[in-house]
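Okay, structure first, notes after.
The values are calculated or read from the model by the stated rules, or taken from the named source; none is laboratory data. Because the structure is a prediction, the values reported are computed rather than measured. Reconstructed Cβ throughout: ideal geometry from the backbone, glycine too, with neighbour counts over all protein chains shown.
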Amino acid sequence: MTIENVGALVDDRPSDGWFSVDRAAFTDEALFEREIRHIFEGGWVFLGMDSQAAEKHSYFTVTIGHTPIVVMRDGEGTLGAFVNACPHKGALICHRRTGKGRLHVCRYHSWSFDSAGRNVAVKGMNAGAYSEEFIGRDRNLPRLPAFANYRGFLFGSLVPTCPIEEHLGEARRLLDLSADQGEGGLELVPGEIVFTFDGNWKYQLENCSDAYHFTSAHPSYIRLLDKRAKERRAESVRSIWEKDKNWSEEAEGITGGSYSFDEGHVLNWGLIGVSDAVPLFERAEILAERYGAARRDWMFNMRNLTIFPNLQLAENASSQLRIIRPLAANKTEMRTFCIAPRGESAEARRQRIRNYEDFFNPTGMATPDDTVSYEDCQAGNANRLQSWAYGYCRGATASVTGGNAFSDLLEMNPARSVLGDAMLCDETLYHSYYRAWLARMEAGAARETQDA
Amino acid sequence: MLDLAEVTALITREAMLLDRRCWREWLDLYSEDSVFWMPAWLDEDTTTSDPDAELSHIYYKGRHNLEDRVWRATSGMSVASDILARVCHQVTNIIVEGPDSATAAFCSHIYEPKRQRQRSLFGRYDYQFVSQAGELRIAAKTITLMNDRIETVADFYMV
């Protein structure tokens, strides 16, 4: 099928209590290429943490859409983001996931670049009989039109765009909440886990924010947590859900909810007490002194944050940073890291890592039950007989404009919020994803028309 | 030194028991306090080496953890395991390296009937053995997974 009007893929009628996304948004290959151009190569995306290039002349590589990117720290200590391709023939300049070098010599024809992306030599320049036109041209690695470091989180854009604070909006308070947990912010635990699934990237976008699937998709994991809690073996680490089961169908009263922000960022969250089953407990007092008890308590809550379109911070069973990289309409790559407060004790770190592996890894006991379900959805969403998906309507009558008493504690003003018990499992937060998705798709199309 | 024939018999028997889904017999090859470890990669050339400070794909101390994994895979409560993949482990290059250690190369061929999709996982095993009641048991197994961009899932029985 050819999709002429992207707007027709999102049926956004909150006043009628209806929101839906056409299943073609998950399966159409031509649409996917437009997503790459307009969403990933057409605005702010997350690149990595500044700690991935901590030292002078160090770098890490990443991809925006189809475009290879290198983030480098120069000799002055300043970070820059560049297209990781030689202006000469396009060969990659930096070859490793992370590395270090004052000078990067292209392995193909030896053009060389310093760690600020400047072309410092063209092999045989004088003997090359080059024209004045060539000599006068900028041969540096192309610098990204927008690049920003927000509290250690690095973002870049292949098109000129708004300031990062504007893009993050009120959701930046949730990045602050994570960054404030450690002395000197957050760090990535050494060891990167990469996996793929044969499904569209937007399943991952939604699943992070999906409270509804937890007890359905992960009963084997939940049973084993219960078993371990009863056994209390000395070498087993504790689960943060040992005391507060905010997802449990038996939980009563308000257990959490969701916040939606402009630009497509969303949070789903659940109340977790300041419990010694949480690795952060060792800092409970100092965090309360520094930030007040209310902000400290929020740091202990279960939180799943998406910064649209490709960053997810999941602080639940453990703490994960995910970068979503779409490869095709039906294939997605996930780069995942355990993210942790700097300076935490060895025992807290061990607990964090053990819980991480069991829950988040593709070799673990929960994530495969998600990714296999995405693949099942990819198969089922070929369905054109019933093209509108029904997964965007829970919480329709509970969603309100603005925040609530819990967001007030963070002085945070979301666009919309939902507060509820464990069984509410809001789905209206996804609306924010698709409104931002549509806005970028339409802005991108307008840009292309203008350029044409 | 360990007897190569005895070690080879144990390592190849482990592969066969996994492939035949003889879970109880497979678990019995491990000592009660055994370590089952698949490190992650730090960079292109180096795996993580300190499981308490660095990330692993899998790190378990204690056979009971493997028993939990077997329970999960066969519980019917995990959609990822609901239709188990068919696996054929090929283990080769077995070398005794020390008084209680040996190494081997492996390649697991994996077929997922539900997706009609096939792939392989390959790398190296490093074993530590312990003799218990006259029987050689696995005290530690370290799996160095070479192709670590994992396609959807790599469960314990696939590596």
Check: Does A:Arg233 count as in the same structural domain as A:Asp180 (by TED's automatic domain parsing), under 19 Å from A:Gln351 (Cβ atoms), over 23 Å from the mean Cα position of the chain (by Cα) and crowded, with 18+ Cβ neighbours inside 10 Å?
Finding: no
Note to self: Among the residues in region A:276-288, are any more than 14 Å from chain B (Cβ to nearest Cβ), touching a strand residue (DSSP E or B) at 6+ places or on another chain (Cβ under 9 Å) and of a type in the set (Lys, Arg)?
What the structure shows: yes
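Does A:Met412 satisfy the condition of being facing chain B (nearest Cβ under 10 Å) and either farther than 30 Å from A:Glu250 by Cβ or in a loop (DSSP other than H, G, I, E, B) (or both)?
Here the answer is no, as A:Met412 does not meet what is asked.
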Notebook entry, point to check: Which of (1) in contact (Cβ under 8 Å) with a residue 12 or more places away in the chain; (2) outside any loop (DSSP other than H, G, I, E, B); (3) under 30 Å from A:Val21 (Cβ atoms) does A:Ala251 not meet, given it meets every other one?
Noted result: (2)
Next item on the list: Report yes if some residue within region A:63-71 is surrounded by fewer than 22 Cβ atoms within 10 Å (Cβ to Cβ), aliphatic (A, V, I, L, M) and under 24 Å from A:Ser178 (Cβ atoms); otherwise report no.
Entry: no
Item checked: Residues satisfying the stated conditions in region B:54-81, i.e. facing another protein chain (nearest Cβ under 9 Å), among the polar types (S, T, N, Q) and either surrounded by fewer than 16 Cβ atoms within 10 Å (Cβ to Cβ) or assigned to a strand (DSSP E or B) (or both) -> B:Ser56, B:Ser75
Margin query: Against the conditions (1) touching a helix residue (DSSP H, G or I) at 6+ places or on another chain (Cβ under 9 Å); (2) closer than 28 Å to A:Val194 by Cβ, where does A:Met125 fall short? Just the number, please.
Written below: (2)
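Any residue at all in region B:112-129 that's under 29 Å from A:Thr371 (Cβ atoms) and of a type in the set (Phe, Trp, Tyr)? Spell out the reasoning first.
Let us first name the residues in region B:112-129 that are under 29 Å from A:Thr371 (Cβ atoms), namely B:112-126.
Imposing the further condition that a residue be of a type in the set (Phe, Trp, Tyr) reduces the set to B:122, B:125.
Yes - at least one qualifying residue is present in region B:112-129.
Name the single residue, out of those in region A:253-263 being of a type outside the set (Ser, Thr, Tyr) and within 22 Å of A:Glu170 (Cα to Cα), that is surrounded by the fewest Cβ atoms within 10 Å (Cβ to Cβ).
Residue satisfying both the conditions and the ranking: A:Asp262.
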Next item on the list: Among the residues of region A:178-202, write down those that are more than 9 Å from every other protein chain (Cβ to nearest Cβ), farther than 13 Å from A:Ile339 by Cα and in contact with a Pro (Cβ under 7 Å, 6 or more places away or on another chain).
Entry: A:Trp201
Notebook entry, point to check: Restricted to region A:236-277, and to residues that are among the basic types (Lys, Arg) and closer than 28 Å to A:Gly395 by Cβ, which residue is nearest to the chain's Cα centre (by Cα)?
Noted result: A:Lys245
Item checked: region A:222-235, residues that are within 11 Å of chain B (Cβ to nearest Cβ) and without any contact (Cβ under 8 Å) to a residue 40 or more places away in the chain -> A:Ile222, A:Arg223, A:Leu225, A:Lys227, A:Arg228, A:Glu231, A:Arg233, A:Ala234, A:Glu235
Checklist line | Lone unmet requirement of (1) touching a residue at least 12 places away in the same chain (Cβ under 8 Å); (2) of a type in the set (D, E, K, R); (3) surrounded by fewer than 14 Cβ atoms within 10 Å (Cβ to Cβ) for B:Asp100 | finding: (3)
Item checked: Hits in region A:426-452 (condition: at pLDDT 95 or above and in a loop (DSSP other than H, G, I, E, B)) -> A:Asp426, A:Glu427, A:Thr428
Checklist line | Members of region B:68-80 found to be hydroxyl-bearing (Ser, Thr, Tyr) and touching an Asp or Glu at 6+ places or on another chain (Cβ under 7 Å), listed by number | finding: B:Ser78
Notebook entry, point to check: Here are some conditions: (1) within 12 Å of chain B (Cβ to nearest Cβ); (2) closer than 27 Å to B:Glu67 by Cβ. A:Ala317 meets all but one. Which one does it not meet?
Noted result: (1)
Check: Which fully enclosed strands (runs of 3 or more DSSP E) of region A:57-124 have 1 or more residues being over 20 Å from A:Val159 (Cα atoms) and not β-branched (Val, Ile, Thr)?
Finding: A:58-64, A:67-73, A:98-100, A:103-105, A:112-114, A:119-121
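Conditions (1) facing chain B (nearest Cβ under 10 Å); (2) within 29 Å of B:Asp50 (Cβ to Cβ); (3) of a type in the set (Ser, Thr, Tyr), marked per residue:
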| position | (1), (2), (3) |
| --- | --- |
| A:Ile307 | no, no, no |
| A:Met334 | yes, yes, no |
| A:Arg342 | no, yes, no |
| A:Asn361 | yes, yes, no |
| A:Pro368 | yes, yes, no |
| A:Tyr374 | yes, no, yes |
| A:Cys377 | no, no, no |
| A:Leu385 | no, no, no |
| A:Cys393 | no, no, no |
Note to self: If a residue counts only when it is more than 14 Å from every other protein chain (Cβ to nearest Cβ), which strands (runs of 3 or more DSSP E) contained entirely in region B:82-159 have at least 2 such residues?
What the structure shows: B:86-96, B:101-112, B:117-132, B:135-145
Check: How about region B:21-53: which of its residues are among the polar types (S, T, N, Q), in a strand (DSSP E or B) and more than 9 Å from chain A (Cβ to nearest Cβ)?
Finding: B:Ser31, B:Ser34
